[in-house]
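Here is the structure we will look at, set down as structure tokens.
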Amino acid sequence: MKITDKIKKANLIGRGGAGFPTAIKWESVYKAKGVDKCVIINAAEGEPGVKKDGYILANYSAEVLHGVSLAMKYLGAKKCYLYINPAYYQKYRLKILQAVKASGLAKRFEFFVKPHDSGYIGGEETAILNAISGLKIEPRLKPPYPTESGLWEAPTLIDNVETFYNVALVDKGKFKPERFYTINGPVKKPGVYLYPDNWTIEEVLTESGNYPLFPFFVQAGGDACGEVLNQKQLDRAAAGAASITVYDLKKQSPAKLLRYWIDFFAKNSCGQCTTCREGTYRLKELLEQKPMDWKVFSDLVDNLSETSFCALGSSLPVPVRSYFKNVLDNNFKKI
């Protein structure tokens, strides 16, 4: 049975956050015109609060490289790159090299350390292509997609560390519908846990011994882009990269949290589109004004959602809107 048939049977989806069916992506690269196809392992993990890829590299590098070797064999790819954030490179380089050597990929494998100044956007798939190619690190217009025209215009497969890990399990007949969860905040045992992928946030917190005994709310899917939920909304699965960050409802300052999100997006904007570049800067200004013009603030948030060039700018409204709605009850006076 072909590896893509096994992946389809397992209903495997990508674990980078978008949840795209893995087999469809692999088949797209396979069917694309071009002989110099390549594979990129995305280990940028720039979303605050998400630590699963680092955990996998530390403990399951061999499985990750096995999944990569399967992809390269299926695609006939001649080269693979591990696009990795600097901290993980320092911590896990030797362990990864051991796994590379054992996989037989040594002559076709290359590290590419994510530039320190590339920011959060440096982990976006087309920005990764630009980084490796020596171009300005900013998102490309899509289409064409990397599966059609990626690194040096060659069809390119870009998958997350956890995705390749899961492919290895699928190949060995050991795959279970599970995923890695990162739990953060003022809890008893923060860390990375492996549980069924359909578990609710409440189940993950309870089983891990991290369900708070104080009034709280959570941000699920990343500390920058994740949705904010109150205690009555935990009967759903963690979205995106499956991180769950707990906040103490009584101790968390709304103004500080809003400022954190806006500062993060302002700092990490690549500057390519006016909406994101100027919009986040203006939101920072508004947040410091007394009294604040909430109508203008809301309009700017809507504009980011509707007109940003890439997912960075359009993601800021997710935590902001959900926090106002689910925690603050749309009461701007609580800021």
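Note the full-extension length gain between residue 198 and residue 287 as 0.36 nm times their separation in residues minus their Cα-Cα distance, in nm to one decimal.
Stretched fully, the residue 198-residue 287 segment lengthens by 28.3 nm.
Could you identify which residue out of 240, 14, 173 has the top mean-square fluctuation in a GNM of the chain using Cα springs shorter than 10 Å?
173
Can you list the residues of the stretch 290-323 with backbone N under 20 Å from a point 7 Å past the Cα of residue 274, pointing along Cα to Cβ?
Answer for this model: 296-315.
Rule-of-thumb check for the stretch 193-335: C-alpha Rg over 2.2 N^0.38 Å?
1.09
Please tell me which of these pairs span more than 19 angstrom C-alpha to C-alpha: 107/172; 188/251; 6/172?
Listed pairs above 19 Å: 107/172.
Specify the inter-centroid distance of the stretch 177-196 and the stretch 10-56, based on alpha-carbon positions, in whole Å.
21
FRET efficiency for residue 102 and residue 214, Cβ-Cβ distance as r, R0 = 45 Å, nearest 0.05?
0.45
For the stretch 30-127, run through the trypsin sites (Lys or Arg not before Pro) and keep only the ones in DSSP coil with at most 14 other Cβ atoms within 10 Å of their Cβ.
33, 78
Exceeding 26 Å between C-alpha atoms, which entries from my cross-link table qualify? They are 25/142; 2/95; 174/232.
Long pairs (Cα-Cα over 26 Å): 2/95; 174/232.
Pulled fully out, how much extra length does the chain show between residue 91 and residue 259, if you take 0.36 nm times their separation in residues and subtract their Cα-Cα distance?
Computed gain between residue 91 and residue 259 is 57.4 nm.
Would you list, by chain and number, the aspartates and glutamates whose Cα falls below 14 Å from the Cα of residue 8, excluding same-chain residues fewer than 8 positions away?
Within the straight-line cut-off, residue 8 pairs with 27, 171.
Percent of Cα-Cα pairs more than 18 Å apart in the stretch 254-334, please.
That tail contains 33 percent of the Cα-Cα pairs.
Going Cα to Cα from residue 79, which aspartates and glutamates come in below 16 Å? Please leave out same-chain ones fewer than 8 positions away.
The qualifying aspartates and glutamates are 36, 110, 153, 159.
Could you work out Rg/(2.2 N^0.38 Å) for the stretch 178-248, with Rg from alpha carbons only?
Dividing the Cα radius of gyration by 2.2 N^0.38 Å gives 0.94.
Have a look at 246, 318, 296 and tell me which one the Gaussian network model of the chain (Cα, springs below 10 Å) gives the largest fluctuation.
Among 246, 318, 296, the largest GNM mean-square fluctuation belongs to 296.
Given the Cα-Cα distance of residue 5 and residue 248 and 0.36 nm per residue of separation, how much length would full extension add, in nm?
Roughly 82.9 nm would be gained on extension.
For the stretch 3-171, what does the convex hull of the Cα positions come to per residue, in cubic angstrom?
103
Please rank 200, 163, fewest neighbouring Cβ atoms within 10 Å first, as an exposure proxy.
Ascending Cβ contact count within 10 Å gives the list 200, 163.
Under 14 Å between alpha carbons: how many lysine pairs meet that in the stretch 282-335, if sequence neighbours fewer than 8 apart on the same chain are excluded?
The result is 5.
With springs only between Cα atoms under 10 Å, which of 202, 138, 125 fluctuates most in a Gaussian network model of the chain?
In the Gaussian network model the winner is 202.
What is the pair-distance distribution P(r) of the chain, computed from all Cα-Cα distances in 10 Å bins starting at 0, with each bin given as a whole percent?
The distribution over the chain is 6, 25, 32, 25, 11, 2, 0, given as percents.
Read-outs throughout are calculated quantities, based only on the coordinates presented, and are distinct from any laboratory measurement. The structure displayed is predicted, hence computed values, not measured ones. Note that we place each Cβ from the backbone using ideal geometry, even for glycine, and neighbour counts take in every protein chain shown.
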